[in-house]
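The values are calculated or read from the model by the stated rules, or taken from the named source; none is laboratory data. Fair warning: this is a prediction, and the values are worked out from it, not measured in the lab. Neighbour counts are summed over all protein chains in view; Cβ atoms, including those assigned to glycine, are modelled from backbone coordinates with ideal geometry.
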Amino acid sequence: MSYDAIVVGGGLAGAALADQLARAGRDVLVLEREARFKDRVRGENMLPWGVAAAKRLGIHDELVHAGGHPSPNFVRLTMGQFSPPRDMRVTTPGGDEMLNMYHPDLKETLLARAASAGADVMRGATVLALDAGPGRLPAVTFEYKALRQTLSSRIVVGADGRASLTRSWAGFEVQRNPELLTVAGTLLARTEVPDDSTYLCMGPGIASFWAPLGQRRSRVYFIYPGVAGRRALSGKNKVAEFLQSVQSVGVPRAWLDGAEADQLPCPGVLRHRGRFYPVKRTMGLVLAQRSSSR
Ligand SMILES: Cc1cc2nc3c(=O)[nH]c(=O)nc-3n(C[C@H](O)[C@H](O)[C@H](O)COP(=O)(O)OP(=O)(O)OC[C@H]3O[C@@H](n4cnc5c(N)ncnc54)[C@H](O)[C@@H]3O)c2cc1C
């Protein structure tokens, strides 16, 4: 079978694109390394303009059905003082609220939707190499069920995330910012945070971001500047220290009392660096990646 497009990576970008291409009648193959998506320190807040895009693509209701948690208000807490909630439904051009969704569920939902739209989806397929250049169709070599195979298509889409190998294979130059921020995060269960809002809490030189997911669960981040050095906040035995760090930002005690980390690894740490990929002409290859990480 020959494909119009081979999408490397079935994450948010790859799955959403494959879904749209399949619905437009294109033959699409998605190669996704993970057989089942695991929790990672990322997400879960979709801002109103993302919700508007999800509505335009016709996927919003499905996301809500699969556990997406509407969050109408954005609330700031500065030095322990709450600001009035910003109701996104009346302060954004589209009148959309935010949507918080557990990241692996979001990915599973989008990829299942792409498959139901007619895309061929191979889970547990790892792309190992890309061949692209003038005068020939781009081709990817991948391993699936212990078999190595090479397939070509009119176009290859590199949607393989922040550590994209497609990007390197195609010779895209990556420019990086200094490490401005470090983000440690985990998923909390049994928290008392009110779940009609999403919160940015700011203390002196530190911050905490809360995206409640419903059912007393919330994704929680502790964010601190790179100039403060590196703090070892990653791993199962660092949960207490992570929660203390979040508390030091000035979040209400009640949000943390009785709360516990729900997933492993918990918490995880991510160093934030903007990354930029100057445009480069390459035959038959598209990169579907954000130009700067959040
Ligand atoms: C700490 C943190 C917090 C964030 N918070 C938010 C937030 O609140 N709201 C928001 O909108 N964004 C947030 N983001 C950004 C958001 O998570 C990313 O923009 C988004 O996940 C990128 O989607 P993607 O499809 O490009 O990559 P991914 O979702 O990473 O998907 C890439 C996929 O490619 C697969 N893959 C990789 N290599 C291969 C290979 N060789 N072969 C086959 N498959 C491969 C991977 O398994 C993966 O499934 C956050 C990011 C971080 C790091």
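At-a-glance table
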read-out: Qualifying residue in segment 152-163 (condition: closer than 30 Å to Phe242 by Cβ, buried (at least 19 other Cβ atoms within 10 Å of the Cβ) and not assigned by TED's automatic domain parsing to the domain that holds Val246); value: yes
read-out: Any hit, segment 5-12, residues being under 28 Å from Ser153 (Cβ atoms) and more than 10 Å from the ligand (Cβ to nearest atom); value: yes
read-out: Of residues in segment 192-227 being in contact with a strand residue (DSSP E or B) (Cβ under 8 Å, 6 or more places away or on another chain) and outside any strand (DSSP E or B), the one nearest to Val249 (Cα to Cα); value: Gly205
read-out: Enumerated strands (runs of 3 or more DSSP E) restricted to segment 126-191, each holding at least 2 residues that are over 24 Å from Lys38 (Cβ atoms); value: 126-133, 136-144, 147-158
read-out: Positions within segment 74-99 being of a type in the set (Ser, Thr, Tyr) and closer than 21 Å to Glu44 by Cβ, in sequence order; value: Thr92
read-out: Members of segment 151-190 found to be over 24 Å from the mean Cα position of the chain (by Cα) and within 14 Å of the ligand (Cβ to nearest atom), listed by number; value: Leu151
read-out: Pair list, Cβ under 8 Å, 6 or more apart: segment 7-25 residue touching a residue at least 12 places away in the same chain (Cβ under 8 Å) and closer than 20 Å to Val127 by Cα, other residue more than 6 Å from the ligand (Cβ to nearest atom) and among the acidic types (Asp, Glu); value: none
read-out: Residue check for Leu47: in contact (Cβ under 8 Å) with a residue 12 or more places away in the chain, within 12 Å of the ligand (Cβ to nearest atom) and under 19 Å from the mean Cα position of the chain (by Cα); value: yes
read-out: Matching option when the condition is of a type in the set (Gly, Ala, Ser), surrounded by fewer than 19 Cβ atoms within 10 Å (Cβ to Cβ) and on the phi < 0 side of the Ramachandran plot, among Ala119, Ala52, Ala125; value: Ala52
read-out: Condition broken by Arg23, with the remaining ones in (1) under 29 Å from Val246 (Cα atoms); (2) in contact with a Gly (Cβ under 8 Å, 6 or more places away or on another chain); (3) not small (Gly, Ala, Ser) satisfied; value: (1)
read-out: All positions within segment 209-220 that are surrounded by 23 or more Cβ atoms within 10 Å (Cβ to Cβ) and within 13 Å of the ligand (Cβ to nearest atom); value: Trp210, Ala211, Pro212, Leu213, Ser218, Arg219, Val220
read-out: Filter result (within 11 Å of the ligand (Cβ to nearest atom) and either crowded, with 22+ Cβ neighbours inside 10 Å or of a type in the set (A, V, I, L, M) (or both)) within segment 19-44; value: Val30, Leu31, Glu32, Ala35, Val41, Gly43, Glu44
read-out: Residues satisfying the stated conditions in segment 131-147, i.e. surrounded by fewer than 22 Cβ atoms within 10 Å (Cβ to Cβ) and within 13 Å of the ligand (Cβ to nearest atom); value: Thr141, Phe142, Glu143, Tyr144
read-out: Among (1) touching a residue at least 60 places away in the same chain (Cβ under 8 Å); (2) touching a Phe, Trp or Tyr at 6+ places or on another chain (Cβ under 8 Å); (3) more than 30 Å from Leu285 (Cα to Cα), the one test that Gln175 misses; value: (3)
read-out: Unmet requirement for Ala15, which otherwise passes all of (1) within 12 Å of the ligand (Cβ to nearest atom); (2) over 15 Å from the mean Cα position of the chain (by Cα); value: (2)
